[in-house]
1. Could you tell me how many of the residues in the stretch 61-79 are on the phi < 0 side of the Ramachandran plot and surrounded by fewer than 19 Cβ atoms within 10 Å (Cβ to Cβ)?
2. Name every residue in the stretch 39-84 that is touching an Asp or Glu at 6+ places or on another chain (Cβ under 9 Å) and farther than 20 Å from VAL235 by Cα, in order of residue number.
3. Looking at (1) at pLDDT below 95; (2) not in a loop (DSSP other than H, G, I, E, B), find the lone condition where SER103 falls short.
4. Need pairs with beta-carbon distance below 6 Å; first residue β-branched (Val, Ile, Thr) and within the stretch 88-111, second surrounded by 14 or more Cβ atoms within 10 Å (Cβ to Cβ); sequence gap 6+ or separate chains.
5. Would you check if there is a residue in the stretch 106-113 being modelled with pLDDT under 95 and part of a loop (DSSP other than H, G, I, E, B)?
6. In this structure, is TYR119 farther than 21 Å from ALA230 by Cα, at pLDDT 95 or above and aromatic (Phe, Trp, Tyr)?
7. Listed residues GLY13, GLY29, GLY58, GLY82; which is modelled with pLDDT under 95 and either assigned by TED's automatic domain parsing to the domain that holds TYR214 or exposed (fewer than 14 other Cβ atoms within 10 Å of the Cβ) (or both)?
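The values are calculated or read from the model by the stated rules, or taken from the named source; none is laboratory data. The structure displayed is predicted, hence computed values, not measured ones. Glycine also receives a Cβ, built like all others from the backbone with ideal geometry; neighbour counts cover every protein chain displayed.
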Amino acid sequence: MGEVGRYLAKAAGQVFEILYPRRCPVCMGIVTPRGALAHKECTKKLRYIREPACKRCGRQILRLEEEYCSACAGREHSYLRGYAVWEYEEKIRHSIAAFKYHSRKEFADFYAAEAVRLYGNRIRGENPDVLIPVPIHRTRRAERGFNQTELLAARVGEALGIPVDRGYLLRAKQTKRLKNLNAKERKRMLLNAFSLGKGQEGRYHSVMLVDDIYTTGSTVDACAALLRQAGVEKVIFLCMAIGASTN
């Protein structure tokens, strides 16, 4: 892109921002100052995951002497470990709902920036070959107009210089919404819900899955199990929000 092209792109971006100003992912008000991704005071209201955190799923735990949360203790996962930015409480729940169901795509910039700020060095240290967004079914994509995890993976990948593969994992069947199901019901619902793109086996050694919300872990586990079957040796994940621990 030449100087004229860059100038026109910048001008177009400024006009777009005037017509459609960025909204804060927390309070939904217009973000000031210009260029910020969220109000600083609003971000302080979110519950960031702090140490001690579960060494498997990454959710915050209450006791320093514990290595694993109650959900992971004594349970096998198909993934090695995960990283989460926030506890899935009311404010981030409303934020992610607006992102997914009301097309606030710009919120992905804030979510990804915070993920990179907190875990960028650790993710680089994991040395994943690729970021793979958790897929949604084509019917749901048509309804929503986009897959939120693809936006998140694209932003994180761009910031960290890690490629994103959107076609490696596919959603083979549409399932009803999982948020009101317990862990056993989710696992049963997700049986054979994912598939690999054609000719993908053995392509990667290390993969980081990217998802928006981790509750019971059934979705990430189902994806990770399929990746392991395809020859991926190491599967880790990054999510924006994770359910609270009970210990």
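1. Residues of the stretch 61-79 that are on the phi < 0 side of the Ramachandran plot, as a first pass: 61-73, 75-79.
From the residues that got through so far, the ones that are surrounded by fewer than 19 Cβ atoms within 10 Å (Cβ to Cβ) too are 62-68, 70, 73, 75-78.
Total satisfying the criteria: 13.
2. Once the filter is applied, which keeps residues that are touching an Asp or Glu at 6+ places or on another chain (Cβ under 9 Å) and farther than 20 Å from VAL235 by Cα, the stretch 39-84 yields THR43, LEU46, ARG47, TYR48, ILE49, PRO52, GLN60, ILE61, LEU64.
3. (2)
4. Close Cβ pairs (under 6 Å, with a partner that is surrounded by 14 or more Cβ atoms within 10 Å (Cβ to Cβ)) amount to ILE92/LEU46; ILE92/TRP86; ILE92/ALA241; ILE96/ASP212.
5. Just the residues of the stretch 106-113 that are modelled with pLDDT under 95, to begin with: none.
No, the conditions are met nowhere in the stretch 106-113.
6. When the stated conditions are applied, TYR119 passes them.
7. On the way: GLY29 fails: modelled with pLDDT under 95; GLY58 fails: modelled with pLDDT under 95; GLY82 fails: modelled with pLDDT under 95.
On inspection, the qualifying residue turns out to be GLY13.
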